[in-house]
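Report on the structure given below.
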Amino acid sequence: MKPCRRCHKEKALSAFHKKGQGHAAVCKVCCSEKDFLRNHPDSSLEERESLIDNKRQLLSEGLQRCTLCHAIKPLNAFRKNNRTPTGYSNQCR
């Protein structure tokens with residue numbers, strides 16, 4: 001268990017990206033939120049918070065939205081991808 005530097009919640013090490021010989025200080029979900037905010041600077045604060053809350057809720061339920069077909073699917077419908085904040089590809093199989 002390790003605390004996230006951004007959300008301050010205790011999470012399992014699998015919730016953090018590997019970095020060097022250890023793990024990142026910020027969890028994958030918070031890292032995903034940070035990336036989203038960087039990529040959507042023009043959206044209003046309420047829109048961003050709503051989208052982030054929706055994405056966080058989906059991830060906690062083991063679901064994710066496909067960026068191609070826009071369907072909400074279980075995580076096993078996505079390929080594993082260590083380069084994304086969630087650990088899964090953004091597009092379904």
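The values are calculated or read from the model by the stated rules, or taken from the named source; none is laboratory data. For clarity, every value in this text was computed on a predicted model and none was experimentally measured. We place every Cβ from the backbone using ideal geometry, glycine too, and count neighbours over all the protein chains shown. Accessible surface is based on the protein model in full, side chains and every heavy atom, while ligands, DNA and RNA are left aside. Shrake-Rupley method; radii C 1.70, N 1.55, O 1.52, S 1.80 Å.
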Out of segment 11-25, which residues are more than 15 Å from R83 (Cα to Cα) and assigned to a strand (DSSP E or B)?
K11, G22, A25
If a residue must be in a helix (DSSP H, G or I) and surrounded by fewer than 19 Cβ atoms within 10 Å (Cβ to Cβ), how many such residues does segment 33-45 contain?
7
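Considering segment 67-93 alone, what residues qualify as being open to solvent by 100 Å² or more (accessible area, probe 1.4 Å) and either part of a loop (DSSP other than H, G, I, E, B) or touching a residue at least 12 places away in the same chain (Cβ under 8 Å) (or both)?
Step one: filter segment 67-93 for residues open to solvent by 100 Å² or more (accessible area, probe 1.4 Å), giving 68, 70, 76, 79-80, 82-83, 93.
Passing the criteria: L68, H70, R79, N82, R83, R93.
Are any residues in segment 46-66 more than 14 Å from V29 (Cα to Cα) and either surrounded by fewer than 13 Cβ atoms within 10 Å (Cβ to Cβ) or basic (K, R) (or both), and if so, which ones? Quick ask: steps written out before the conclusion?
Going through segment 46-66, the residues more than 14 Å from V29 (Cα to Cα) turn out to be 46-48, 50, 65-66.
Correct list: E46, E47, R48, S50, R65.
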